[in-house]
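Participant: First the structure, then my questions, so here it is.
The values are calculated or read from the model by the stated rules, or taken from the named source; none is laboratory data. Fair warning: this is a prediction, and the values are worked out from it, not measured in the lab. Don't worry about glycine lacking a Cβ; one is built from the backbone with ideal geometry, like all the others, and counts go over all protein chains shown.
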Amino acid sequence: MDQPYFDRVYETTYRHLLKYAIIHLSDPTDAEDALQNVYLAFYRRIERYGHLDVLFPKAFLLKMLKHEIIKRYAEREKHTVRLLADVPEERLTDDWAFEDGVLDRALAEEILAEAKKLPRETYRIFVLYYGYELSISEISGELGMGTEAVKSRLFRGRKAIRQYLTVGDLDADTGR
């Protein structure tokens, strides 16, 4: 097994593939799970057969990810669709990019918890904008919606989170 090869491929493809998975699965935790399944299958494949026949690892992994996403949609047909609010807290990762910019980790976790309460599309936009630093036009293109719709959802999401944080601070100050 060529561990440095796998590590190099992982480092150079992870961010792109995770963004793709989030856009197509709508739930960031499902996207992370799908991507980890892909990397595990890729690891096992190169462990068994080597990597010399994989000329374009990013394209190879993207194809694997597309199959994983199709499989997940097929599973959704059989089961009830899980809402974002039902995602267990322990399945969320602590290393989201937008937390890096927030000095107070407790505040970042509180913001993330409130963002999870937003409508599904608004949450996706929030994660893509703050977590993956996509522009409004990039999000618009990826999700197939107008830029004004993206701006509006992002504005409403920020407003709801800001309102929660402001009300929470007032409640803490007054002891209510």
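Participant: On the basis of being in a helix (DSSP H, G or I), at pLDDT below 90 and within 23 Å of Ala31 (Cα to Cα), does Ala160 make the cut?
Facilitator: no
Participant: How many residues does segment 130-157 hold that are within 21 Å of Glu32 (Cα to Cα) and either of a type in the set (Asp, Glu) or part of a loop (DSSP other than H, G, I, E, B) (or both)?
Facilitator: Looking only at that region, the number is 5.
Participant: Has segment 15-26 got any residue that is out of contact with any helix residue (DSSP H, G or I) (no Cβ under 8 Å at 6 or more places or on another chain) and in the same structural domain as Tyr73 (by TED's automatic domain parsing)?
Facilitator: Yes, that holds for at least one residue.
Participant: Right, here's the next one. Select, from Val9, Val54, the only residue that is more than 28 Å from Lys116 (Cα to Cα), hydrophobic (A, V, I, L, M, F, W, C) and surrounded by fewer than 18 Cβ atoms within 10 Å (Cβ to Cβ).
Facilitator: Exactly one of Val9, Val54 is more than 28 Å from Lys116 (Cα to Cα), hydrophobic (A, V, I, L, M, F, W, C) and surrounded by fewer than 18 Cβ atoms within 10 Å (Cβ to Cβ), namely Val54.
Participant: Does Ala115 satisfy the condition of being in a helix (DSSP H, G or I), loosely packed, with under 10 Cβ neighbours inside 10 Å and modelled with pLDDT under 90?
Facilitator: no
Participant: Here is a follow-up. Considering only residues of segment 34-51 that are of a type outside the set (A, V, I, L, M) and buried (at least 16 other Cβ atoms within 10 Å of the Cβ), which is farthest from the chain's Cα centre (by Cα)?
Facilitator: So in segment 34-51, the residues of a type outside the set (A, V, I, L, M) come out as 36-37, 39, 42-45, 47-51.
Restricting the remaining residues to those that are buried (at least 16 other Cβ atoms within 10 Å of the Cβ) gives 39, 42, 51.
Details: Tyr39: 16, Phe42: 20, His51: 28 Å.
Selected residue: His51.
Participant: Can you pull out the residues in segment 1-33 that are within 25 Å of Gly50 (Cβ to Cβ) and under 15 Å from the mean Cα position of the chain (by Cα)?
Facilitator: Thr13, Tyr14, His16, Leu17, listed by residue number.
Participant: Of Val102, Val127, which residue is in contact with a helix residue (DSSP H, G or I) (Cβ under 8 Å, 6 or more places away or on another chain), at pLDDT 80 or above and either in a helix (DSSP H, G or I) or not polar (S, T, N, Q) (or both)?
Facilitator: Working: Val102 fails: at pLDDT 80 or above.
Of the residues listed, the single one that is in contact with a helix residue (DSSP H, G or I) (Cβ under 8 Å, 6 or more places away or on another chain), at pLDDT 80 or above and either in a helix (DSSP H, G or I) or not polar (S, T, N, Q) (or both) is Val127.
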